[in-house]
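Submitted below is the structure of interest, expressed as structure tokens.
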Amino acid sequence: MKILTTTVLSLVFAGINAQTAENFLVEVEEMTFSNAPGVQSFVHAQHNDKLLIIGGRTEGLHQRQPFAAFTEPFNNTVAYVLDLTTSNTYSTSLSVLPQSIFEQLQSTNMEFEQRDSLLYIIGGYGFSSTANDHITYSNLTAVHVPNVIDAIVNGTSIIPHFRQISDTRLQVTGGYLDRLDNTFYLCGGQMFEGRYNPQGPNHGPGFTQEYTNAIKKFNIDDDGTNLSISNYTEWIDTANLHRRDYNMSIQIFPDGYVGLTMFSGVFQYGVDLPWLNTVDVRDTGYHVRPNFNQYLNQYHTAHMPVFDGVNSAMHSVFFGGMSRYTLDASGQLVDDTNVPFVNTISKTTRFSDDSMDEFKIGEMPGLLGSGAEFIHIHANFTDDYDIIHLDSLPYSKTHVGYVVGGIESTQANIFFINDGTQSSASNRIFKVYITRGQDPNDVVDISGDEFFSSNVYPNPANNVATLELSAPHATNATIEILDASGRLIKKLYNGNLHNTQSITIARDDLKAGTYLIRIANEEFSKTIPLVFN
């Protein structure tokens, strides 16, 4: 949290009327692909126009019963190559590899990142025949992508192109691995040992579950033969980094710095619901954004970074997946604590004043996207971080990538009735297009005004400010003052709100600086910056 400053948060308020970004339309179109695999929660890498797919599951949503969840027959034991130009598929069994490599690479929710010709794969969860149990792997595996692709396409041996080491610091599944320059960031995730059981760790066969609550930062040293981890450090935060199965996306921040944002994910302490807040990551530290909530697309799904350089606006686009919130026909947020599958295409936008907003911008052609991946096209409109630069696109419909695999569900809520037939691992592949300068159809701004409409004045204030709050429908709410890092200072109100109310906010013994006024009920919360001179 070292990078959070009152200057930045003051800009959030001062620039609130300066939010500007160029509109663009996102469309998906299904393509015909020969023998594409049905797989979800896999790892991937690219070389030229060929896509390498390893690991993941060949079934849909896991079942609730321990004996039926994450069973070995649905481990993906095949490596696939998809030729994105000819729509041909090539494959080979991974069983020829050494046992430790073979076991890890058939697991699910591995973390992965490609650096040049090498794909690095960490962790993953699945059944190990060696351990005779379900485990989280503690391995780092290096894959020479061009060589493996050539071997699979030409039917030659893949064995020489895999190397592996073991390191218990990397025993993580459901986290996210990314890279800034040559430094790798392994963020969030968990260590899960034993069979899944929704009744908890002490029921049935039992299990061990430990969230990492961490951002692990390190270098991977690799001379082509020897593989090792160096310069390892970690930031632990049990309150804010306790998340897994989420989306992390590359970001260009308003000051031009390239970093990462950890979006919502699961699960909150004490309740099996997604987090709503997000966490920004830089090489100097991280900071939790208490003044933004992500309501749509909360589980891991295909996602796409788009940067508007003219207006310094960073967009993160999410394709379907699972979400606690959806929108009804009138554009109002609907809360479903079962966290259903959704078809929502949304984007979060970080504006030049560092404020953030969320929008629904379209729909997938079905309940698709959970455990899927967005595959970039490497072209003159992408940079070394695979960010799509909007100002480099023409003002016409442009193919920018693909959505591949994931879970396809027949219904929104299937968890409690799931016998394995209500969903499947999708073999559908969609081309993704952007039309620059064109408004999305039926775009919806997720502002939350259906719950609270509010204003704080004067702002900045000297000693006293007034919060005017309008709640169209009666609701029980809390109002709190937080400091700039999101820590609770004091509660202002806890009770029923209806119609319009005014609440006095006295500075009392607060020092000069920026504070946050958080207004929340069971369904929604919003935060307003307040500056005391």
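The values are calculated or read from the model by the stated rules, or taken from the named source; none is laboratory data. Because the structure is predicted, anything quoted here is derived from the model rather than measured. Backbone-built Cβ (ideal geometry, glycine too); neighbour counts: all protein chains shown. We work out accessible area using only protein heavy atoms, side chains counted, and drop any ligands, DNA or RNA first. Shrake-Rupley method; radii C 1.70, N 1.55, O 1.52, S 1.80 Å.
How about region 462-482: which of its residues are hydrophobic (A, V, I, L, M, F, W, C) and either open to solvent by 20 Å² or more (accessible area, probe 1.4 Å) or farther than 13 Å from Leu492 by Cβ (or both)?
Val464, Ala471, Ala474
Against the conditions (1) open to solvent by 10 Å² or more (accessible area, probe 1.4 Å); (2) modelled with pLDDT of 95 or more; (3) hydroxyl-bearing (Ser, Thr, Tyr), where does Thr173 fall short? Just the number, please.
So the condition that Thr173 fails would be (1).
Also: Please enumerate the residues belonging to region 26-54 that are in a loop (DSSP other than H, G, I, E, B) and out of contact with any helix residue (DSSP H, G or I) (no Cβ under 9 Å at 6 or more places or on another chain).
Matches in region 26-54: Thr32, Phe33, Ser34, Asn35, Ala36, Pro37, Gly38, Val39, Ser41, Phe42, Asp49.
Is there a residue in region 433-452 that is open to solvent by less than 50 Å² (accessible area, probe 1.4 Å), charged (D, E, K, R) and more than 25 Å from the chain's Cα centre (by Cα)?
Yes, the conditions are met somewhere in region 433-452.
Tally the residues that are more than 15 Å from Ala79 (Cα to Cα), touching a helix residue (DSSP H, G or I) at 6+ places or on another chain (Cβ under 9 Å) and part of a strand (DSSP E or B), restricting the search to region 136-150.
2
While we're on this one: State which residue is nearest to Pro198 (Cα to Cα) when the search covers only region 329-357 and only residues that are of a type in the set (Gly, Ala, Ser), in contact (Cβ under 8 Å) with a residue 60 or more places away in the chain and out of contact with any Lys or Arg (no Cβ under 9 Å at 6 or more places or on another chain).
Ser355
Out of the strands (runs of 3 or more DSSP E) lying entirely within region 222-310, which hold 3 or more residues that are hydrophobic (A, V, I, L, M, F, W, C) and either buried (at least 17 other Cβ atoms within 10 Å of the Cβ) or modelled with pLDDT of 95 or more (or both)?
Here the list reads 227-236, 248-252, 258-262, 302-308.
Another question about this same structure. Would you check if there is a residue in region 433-447 being of a type outside the set (Ser, Thr, Tyr) and either over 30 Å from Leu25 (Cα atoms) or touching a His at 6+ places or on another chain (Cβ under 8 Å) (or both)?
No, the conditions are met nowhere in region 433-447.
Out of region 102-117, which residues are open to solvent by 30 Å² or more (accessible area, probe 1.4 Å) and assigned to a strand (DSSP E or B)?
Phe112, Glu113, Gln114, Arg115
Continuing with this model, one more query. Taking the residues in region 497-514 that are at pLDDT 85 or above, in a strand (DSSP E or B) and out of contact with any Asp or Glu (no Cβ under 6 Å at 6 or more places or on another chain) as candidates, determine which candidate is most open to solvent (accessible area, probe 1.4 Å).
Across region 497-514, the extreme among qualifying residues is Thr504.
Further, regarding this structure: Inside region 65-79, can you point out the residues that are open to solvent by 20 Å² or more (accessible area, probe 1.4 Å) and either modelled with pLDDT of 95 or more or assigned to a strand (DSSP E or B) (or both)?
Hits for region 65-79 are Phe70, Thr71, Glu72, Pro73, Phe74, Thr77, Val78.
Of all the strands (runs of 3 or more DSSP E) wholly in region 396-483, which have at least 2 residues that are modelled with pLDDT of 85 or more and of a type in the set (Lys, Arg)?
So the answer is 429-436.
Need the failing condition index for Leu82 against (1) outside any strand (DSSP E or B); (2) in contact with a Ser or Thr (Cβ under 6 Å, 6 or more places away or on another chain); (3) under 15 Å from Ala372 (Cβ atoms); (4) at pLDDT 95 or above, just the number.
(1)
Of all residues in region 119-138, which are surrounded by fewer than 20 Cβ atoms within 10 Å (Cβ to Cβ) and aliphatic (A, V, I, L, M)?
The answer is Ala131, and nothing else.
Test of understanding: among Val96, Val153, which residue is more than 28 Å from His376 (Cβ to Cβ) and either acidic (Asp, Glu) or not in a strand (DSSP E or B) (or both)?
Of the residues listed, the single one that is more than 28 Å from His376 (Cβ to Cβ) and either acidic (Asp, Glu) or not in a strand (DSSP E or B) (or both) is Val96.
Name the residue that is farthest from Val279 (Cα to Cα), counting only residues in region 327-349 that are part of a strand (DSSP E or B), open to solvent by less than 40 Å² (accessible area, probe 1.4 Å) and at pLDDT below 95.
In this case the residue turns out to be Leu327.
Is there a residue being within 30 Å of Ala68 (Cα to Cα) and either touching an Asp or Glu at 6+ places or on another chain (Cβ under 6 Å) or among the basic types (Lys, Arg) (or both) anywhere in region 156-172?
Yes, there is a match, as at least one residue in region 156-172 is within 30 Å of Ala68 (Cα to Cα) and either touching an Asp or Glu at 6+ places or on another chain (Cβ under 6 Å) or among the basic types (Lys, Arg) (or both).
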